[in-house]
1. Under 6 Å between Cβ atoms, which residue pairs at least 6 apart in sequence (or on different chains) link something in the range 87-106 that is part of a loop (DSSP other than H, G, I, E, B) with a partner that is surrounded by 12 or more Cβ atoms within 10 Å (Cβ to Cβ)?
2. Residue check: is Gly17 at negative phi and modelled with pLDDT of 90 or more?
3. With among the charged types (D, E, K, R), within 27 Å of Arg7 (Cα to Cα) and in contact with a helix residue (DSSP H, G or I) (Cβ under 7 Å, 6 or more places away or on another chain) as the only criterion, which of Glu40, Glu56 stands out?
4. How many residues does the range 21-35 contain that are surrounded by 12 or more Cβ atoms within 10 Å (Cβ to Cβ), without any contact (Cβ under 8 Å) to a residue 12 or more places away in the chain and of a type in the set (A, V, I, L, M, F, W, C)?
5. Given the condition more than 27 Å from Gly8 (Cβ to Cβ), touching a helix residue (DSSP H, G or I) at 6+ places or on another chain (Cβ under 8 Å), surrounded by 13 or more Cβ atoms within 10 Å (Cβ to Cβ) and among the small types (Gly, Ala, Ser), answer yes or no: does some residue in the range 69-85 qualify?
6. List the residue pairs whose Cβ atoms are under 9 Å apart, where the first residue sits in the range 36-52 and is surrounded by fewer than 12 Cβ atoms within 10 Å (Cβ to Cβ), the second is in a strand (DSSP E or B) and β-branched (Val, Ile, Thr), and the two are 6 or more positions apart or on different chains.
7. Limited to the range 86-102, what total is found for residues that are in contact with a Pro (Cβ under 9 Å, 6 or more places away or on another chain), of a type in the set (D, E, K, R) and within 17 Å of Asp15 (Cα to Cα)?
8. Take the residues in the range 36-61 that are under 16 Å from the mean Cα position of the chain (by Cα) and among the acidic types (Asp, Glu); name whichever of them is nearest to Gly83 (Cα to Cα).
Amino acid sequence: LGTLNLRGQVIWVADLGQFLGNTVPLRTDRPEIPVIAVEEQDTLLGLAIDQLGDMEWLDIEELQAPNNVADHIAPYVQGEWLGENTHQVLRLLDQVAILRSARWAT
């Protein structure tokens with residue numbers, strides 16, 4: 001996707017949706033694109049996302065093993081929560097697995 005200046009450091013930014021298999025590229029023709037910065041040891045990467053939703057605290061005790069996860073994203077999912085009212089599945093991604101993925105080489 002490109003690069004970003006984060007506190008004086010230039011970092012690579014990738015389309016997280018496309019990395020996880022979404023065939024539609026992130027729309028970049030807009031004034032702001034939300035980016036999540038992830039770091040592991042000396043590697044820093046920005047993951048661009050379509051939008052940020054509401055934020056809420058999730059209880060780690062309620063984290064469940066991933067269920068019905070597509071094979072191509074399974075290595076990057078650590079677990080999931082089931083929303084109490086919405087029954088929406090919220091997945092916990094493994095940022096270290098994303099950073100170390102062999103997909104970046106292709």
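1. Filtered contacts from the range 87-106: Asp94/Tyr76; Asp94/Gln78.
2. Against the criterion (at negative phi and modelled with pLDDT of 90 or more), Gly17 qualifies.
3. So the residue among Glu40, Glu56 that is among the charged types (D, E, K, R), within 27 Å of Arg7 (Cα to Cα) and in contact with a helix residue (DSSP H, G or I) (Cβ under 7 Å, 6 or more places away or on another chain) is Glu40.
4. Final tally of qualifying residues: 0.
5. Checked against the condition, which is being more than 27 Å from Gly8 (Cβ to Cβ), touching a helix residue (DSSP H, G or I) at 6+ places or on another chain (Cβ under 8 Å), surrounded by 13 or more Cβ atoms within 10 Å (Cβ to Cβ) and among the small types (Gly, Ala, Ser), the range 69-85 yields no hits at all.
6. Leu52/Ile36
7. Within the range 86-102, residues that are in contact with a Pro (Cβ under 9 Å, 6 or more places away or on another chain), of a type in the set (D, E, K, R) and within 17 Å of Asp15 (Cα to Cα) number 1.
8. Of the range 36-61, the ones under 16 Å from the mean Cα position of the chain (by Cα) are 36-40, 43-55.
Among the residues that remain, those that are also among the acidic types (Asp, Glu) are: 39-40, 50, 54.
Values: Glu39: 28, Glu40: 29, Asp50: 21, Asp54: 13 Å.
Top of the filtered list is Asp54.
The values are calculated or read from the model by the stated rules, or taken from the named source; none is laboratory data. All values derive from a computational prediction rather than experimental measurement. Note that we place each Cβ from the backbone using ideal geometry, even for glycine, and neighbour counts take in every protein chain shown.
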